[in-house]
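Below is one structure, written out as structure tokens, with a few remarks after it.
Since every read-out is calculated from the coordinates, none of them should be taken as a lab result. Treat the numbers as computed from the prediction; the structure is a model and nothing was measured. Note: ideal-geometry Cβ built from the backbone for every residue, glycine included; neighbour counts use all protein chains shown.
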């Protein structure tokens, strides 16, 4: 009796009925179109998050000065009278910058875009396991996004209790001045959670059940592995957040006291619930980038990834260990010190698999035939900047050191090194590498390199000095550091950082231009412009509906670059070991790995 | 699309009776027996877990599914324990 | 599996979980539900540990006998669900429809009884809201002292309320499956839809088995 559904063989796109514009572009169930939808949405929200950051830096760099025209007229008197940002609005800015970046930019770009694009194509499937659920998973995002955006326009403005929304600051508008905005923030994220959960269950099911014959677990490309692990984190962490958000919503609206001390509620419980989700969340934001970087570095170095198995084991370890480190966000909360000590140990341990990965990337590059194109540059920048972010993490892992640096700009420096230096550069690597497959054209190399160089320069100019600011005592989320005499000397550094951020933001226009211009005017990409091995690159660019004319068969792992037995420096996964049958059909003699049950 | 089902029908009614008996035992223990809180809690939790496992194994068919499926099914449980036990240590 | 050559037309995906996609998908979804209830039940356990004085002995405020019967009903609905699936496994359309309907009716009854129970509890002053909490307990005059504390109410309604919402959604999905069964959508070879809604329904029952014990009996 068969155990799985055989894939119907598609003999090309001619058989498919023509879909209406709405079914093809708006309500599509095709994973590649959904990936593009997430890309469009994610990049829009990335730009919004960036704009909010620019506003924050305006206040910190030029405190109390009115925003320049034309920005000045955009903001009502409740936010920035005369163009001068109000402290309450500043609180909303820092909250919403992080909220949009984490939930509406990075998560859709990491999991939504690349999960959808890469998984079916890299494992040899025609689409996701549940295409209609996939479509629903996308469309939930704009609904949640609309609610989050709307919160700017209600009385009291948008949420202002930080993206971490600690109780009791968040349970009542008494101190932030925000009432409805805080409620809308919760409602938006509760709704968005369903998008993540539905997406995650699709990814997990597809990778488990829909791999082409011969695609054993240890022949799966690292990008798919990384998203598979991320999907597990999403699946199990997001529901915890959802539960907590609902309880906080009840505290705010109907007057329960889960977290309100006046009713014997426990504010610390909120922190535990939030960070139990929040720590796996940060791994959700970085692990896919690790996968993209592995693909790009191996391909562009023309070398097998150094230590493929250990790369997988390291990512799985990060996935496991990520569940038991959450308390390191709470060292200064008044938590049980013995519990805190446990978290110090686990946090230091989790640095090990990340370090293993870093050494493996370097081992891959070592003596490789490196092609220094834009994806590779972004990937190498990821490694370098992730190292810096990881090293600052070691300091923070020590609870006594954290007494000094918690809630300072040292933390802000760390998180931006891993999320921008890491995740964002990883996303740039992914976009520049897979753009040809998505859109059938290459992005412009020259412009790509200029964008990379300027981004890298301005990024470090902006964020490295923040380590310094933090150690000198400048705290996070502060509207006016000059109110403290000991911080007044830091103003020039803050202004320098702000200007660097403005330059960094302006540089992204180059990327946007390159992206849009190349859609029409980029060099036509063939099937495999990067000469990569994965099944994804065996398809046309862009791939047709159904991806593969018939289900591929996999004979080897994805990193057989520069193999000594080969003339070419790459060896696609689906290239048979050279046997042709008498009838002309490709005859494959099952190797042990191909026999089901393995 | 079924997987291998070369087994007799699970004893659905027998399981139902066991569930009923356990429920009555639980209610009895809680309302009508004078047991110290700790043993009460332990006993009740054990019975509840027993019932849950029966439902999972027989009604949700896990007993007859490939082993990898029930391993998948229990995977979130350690996380649940970690969260609750760690935070209880705060109080 | 013979070791003769396999032509391209015979190829199937890797065995994976060795169950069909929809079943795997439902199990994976249920794992996320386990984590969701973990956050609610975990909150209850933690708050009760921190403030045990907010809770009373079992049966003082909550109606244990009524809920025990309700628990029994929900367990019965799991049996009817299982019978429904067994029916369609044998190609018995009428059996499928009959047992599905029974499951729906029992499920709806469960929700109804819960609603009645909520109404009674709120009338006795046992609610989730901090400022309104004044639970006098079963059969006591309204002017009596307040038993337990607001955390008891808040956690009770959070856990049982979200569970009830899941039961309601389950009933709606069962109605959908029932209507499809009337149109002959399910056969011996095509019964995935019945099996996966069955899995969801048993899960809801399983959660209740745990909830009933820890909320009502401890």
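Summary of computed values
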{"read-out": "20 Å binning of all Cα-Cα separations within chain A, expressed as whole percents from 0 upward", "value": "19, 54, 24, 3, 0"}
{"read-out": "Whole-angstrom gap from segment A:131-197 to segment A:488-536, using each part's C-alpha centre", "value": "29"}
{"read-out": "Two-site FRET efficiency, residue C:117 against residue A:352, from Cβ-Cβ distance with R₀ of 60 Å, rounded to 0.05", "value": "0.70"}
{"read-out": "Residues in segment A:408-440 reached by a label modelled at residue A:395 [backbone nitrogen below 20 Å; 7 Å Cα→Cβ]", "value": "A:408-423"}
{"read-out": "Taking chain B and dividing mean pair separation by its residue count, relative contact order in percent (alpha carbons under 8 Å, at least six apart)", "value": "29"}
{"read-out": "Proxy reagent accessibility, fewest Cβ within 10 Å first, across A:556, C:183, A:219", "value": "C:183, A:556, A:219"}
{"read-out": "Crossing angle, helix C:192-211 versus chain C [Cα axis fit, 0-90 degrees, rounded to tens]", "value": "20"}
{"read-out": "Compactness index (Cα Rg / 2.2 N^0.38 Å), segment A:292-390", "value": "1.31"}
{"read-out": "Folded to 0 to 90 degrees: helix C:150-182 orientation relative to chain C principal axis, Cα", "value": "30"}
{"read-out": "MRE, 222 nm, helices only [DSSP H, n ≥ 4, -39500 (n - 2.57), over chain A, to nearest 500]", "value": "-18500 deg cm²/dmol"}
{"read-out": "Computed over segment C:14-217: relative contact order in percent, which uses C-alpha pairs under 8 Å that are six or more apart", "value": "30"}
{"read-out": "Approximate spin-label separation residue A:143-residue B:18, in nm, with each point projected 7 Å along Cα-to-Cβ", "value": "4.1"}
{"read-out": "Residue B:77 paired with residue C:57, simple spin-label distance in nm, labels 7 Å along Cα-to-beta-carbon", "value": "3.3"}
{"read-out": "Normalised per residue, the volume of the convex hull around the Cα set of chain C (Å³)", "value": "146"}
{"read-out": "Distance (nanometres) between label positions extended 7 Å along Cα→Cβ at residue A:84 and residue A:485", "value": "2.4"}
{"read-out": "Order by protection proxy (mean Cβ within 10 Å, highest first), peptides A:431-439, A:404-412", "value": "A:431-439, A:404-412"}
{"read-out": "Near-label residues of segment A:298-336 by backbone N, under 20 Å of a point 7 Å along Cα→Cβ of residue A:476", "value": "A:322-336"}
{"read-out": "Diffusion coefficient, µm² s⁻¹, Stokes-Einstein with Kirkwood Rh over alpha-carbon pairs of segment B:10-60 at 20 °C and 1.002 mPa s", "value": "186"}
{"read-out": "Efficiency of FRET from Cβ geometry, residue B:42 and residue A:521, R₀ 60 Å, rounded to 0.05", "value": "0.25"}
{"read-out": "Cβ crowding within 10 Å averaged over residues, with C:204-213, B:59-68 ranked highest first", "value": "C:204-213, B:59-68"}
{"read-out": "Calculated FRET efficiency for the pair residue B:35/residue C:138, C-beta based, R₀ 22 Å, to 0.05", "value": "0.55"}
{"read-out": "Gain in span if fully extended, residue A:47 to residue A:216, counting 0.36 nm per residue against the direct Cα distance", "value": "56.9 nm"}
{"read-out": "Sequence-separation-based contact order of chain A, relative, with Cα cut under 8 Å and 6+ spacing, percent", "value": "16"}
{"read-out": "Residue order, fewest to most surrounding Cβ atoms within 10 angstrom, among A:171, A:99, C:109, A:78", "value": "A:78, C:109, A:99, A:171"}
{"read-out": "Acute angle (nearest 10 degrees) that the helix A:425-439 long axis makes with the longest principal axis of chain A, alpha-carbon atoms", "value": "40"}
